[in-house]
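Notes follow once the structure below has been shown.
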Amino acid sequence: MSKKIETDNTCNTSRRNLMKGTGLAVAAMSMIPAATATQAFAQTSEWDKVFPKSDKVDHQKVPFNNRYGITLIADLYLPKNRSGQPLAALAVGGPFGAVKEQSSGLYAQTMAERGFAALAFDPSFTGESGGKPRNVASPDINTEDFSAAVDYLGLQPYIDRQRIGVIGICGWGGMALNAVAVDKRVKAVVATTMYDMTRVMSKGYNDSVTPEQRGEALEQLSHQRWADAEKNMPAYQPPYNELKGGEPQFLVDYHDYYMTPRGYHPRAVNSGNAWTQTTPLSFMNMPILTYIAEISPRPLLLIHGENAHSRYFSETAFAAAAEPKELMIIPNASHTDLYDRMDKIPFDRIADFFGQHLA
């Protein structure tokens, strides 16, 4: 049976129009002159997360390969008080443009404190994971990254491969739903503060991009391929989350997370680095939530902030999903509040959800 949990307060009716008139969202950002590419970073064994290390959890860095031969680097979190019985496990990814030292690691460590094995990974081409060029995204390969994490978890002797779930945050929430729809090994999925990156890149925020604007963006991106081919290297978008003044509140919120001590990490695309200019191409004609109903009969929990500019992504996904499903709206929460605000993220509900469905 589906459930939608929401505050009694009337949501600001203007939230869906927040980006009207501000341009072509992510895809159009590639029209701005390129910035310097982020360099690949050497793997480090030191604790370099943006959140404190828990004394209730064991942590180790692990590698594994995806189906395309790219080596992913992940942080594995295990409860210290485990009994020796195989554990239920969670693959955790996101947000889009983040690294495992940020939100996904916080979620993974917190779930390990609650008795789960949890694996937070850097997606292909980003962070400490492999793949060249750096800082490029793919709706196909990044969906595959989730399944590769499930591969890894299911091969560990201390994990029950019949009890594996997935958590996707922000843009990787959409990737998680796409992965779980096709990967029947996953028994339950949570997507929090979810973005459908294929929708926003192809249609802009609130689907505001006109066919003419879409055509112009694709024209520019198509010709950028020749420029990249001539130089044998990609051009990059401008640095992300550097404010110039007058930005909408949600961009200020992104800056407050990614560019301040709260969440800054030098390997994160969103911490003043950049995606390749042509990253939007594969997203613009590949809608990743087409088969979301095929997650059923496995349970789906969507969590979003009441005041998040992105809330409509979860509402649309909830409407398209089949039973069993639940949409949980967090009162007075913005999009980025669900990245790291421990008083906003409903970890009790998430733990109960997986405790029930990975039993």
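The values are calculated or read from the model by the stated rules, or taken from the named source; none is laboratory data. All values derive from a computational prediction rather than experimental measurement. Cβ: placed from backbone, ideal geometry, glycine included. Neighbour counts: every protein chain shown.
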Checking the structure you have, find out if any residue of region 290-304 is over 19 Å from the mean Cα position of the chain (by Cα), at pLDDT 95 or above and crowded, with 22+ Cβ neighbours inside 10 Å.
no
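Keeping to region 77-105, report how many residues are under 17 Å from Asn270 (Cα atoms) and hydrophobic (A, V, I, L, M, F, W, C). Give the steps one after another, and end with the answer.
First, the residues of region 77-105 that are under 17 Å from Asn270 (Cα atoms): 93-105.
Now drop any that are not hydrophobic (A, V, I, L, M, F, W, C), which leaves 96, 98-99.
Number satisfying all stated conditions: 3.
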Step by step: first the residues of region 64-115, then only those that are of a type in the set (Lys, Arg) and touching a helix residue (DSSP H, G or I) at 6+ places or on another chain (Cβ under 7 Å), then the one that is nearest to Ala359 (Cα to Cα). Which residue is that?
Arg114
Strands (runs of 3 or more DSSP E) enclosed by region 35-154 - at least 3 residues per element that are among the aliphatic types (A, V, I, L, M) and surrounded by 15 or more Cβ atoms within 10 Å (Cβ to Cβ)
71-79, 87-93, 117-121
With the condition kept exactly as written, say whether any residue in region 235-250 is surrounded by fewer than 22 Cβ atoms within 10 Å (Cβ to Cβ), under 30 Å from Gln162 (Cβ atoms) and at pLDDT 95 or above.
no
Return the residues of region 157-183 that are in a loop (DSSP other than H, G, I, E, B) and touching a residue at least 60 places away in the same chain (Cβ under 8 Å); say none if nothing qualifies.
Pro157, Tyr158, Cys170
One residue from Asn285, Asn307, Asn273 being surrounded by fewer than 20 Cβ atoms within 10 Å (Cβ to Cβ) and not in a helix (DSSP H, G or I):
Asn285
Working carefully through the options Pro346, Pro266, find the one that is touching a residue at least 60 places away in the same chain (Cβ under 8 Å), surrounded by fewer than 24 Cβ atoms within 10 Å (Cβ to Cβ) and either closer than 22 Å to Ile141 by Cα or of a type outside the set (Asp, Glu) (or both).
Pro266
Could you list, in sequence order, all residues of region 338-359 that are closer than 16 Å to Ser104 by Cα and either of a type in the set (S, T, N, Q) or out of contact with any His (no Cβ under 9 Å at 6 or more places or on another chain) (or both)?
Tyr339, Asp340, Arg341, Met342, Lys344, Ile345, Pro346, Phe347, Ile350, Ala351
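Given Ile288, Ile330, which one is aliphatic (A, V, I, L, M) and touching a strand residue (DSSP E or B) at 6+ places or on another chain (Cβ under 7 Å)? Reasoning before the result, please.
Numbers: Ile288 fails: touching a strand residue (DSSP E or B) at 6+ places or on another chain (Cβ under 7 Å).
The match here is Ile330.
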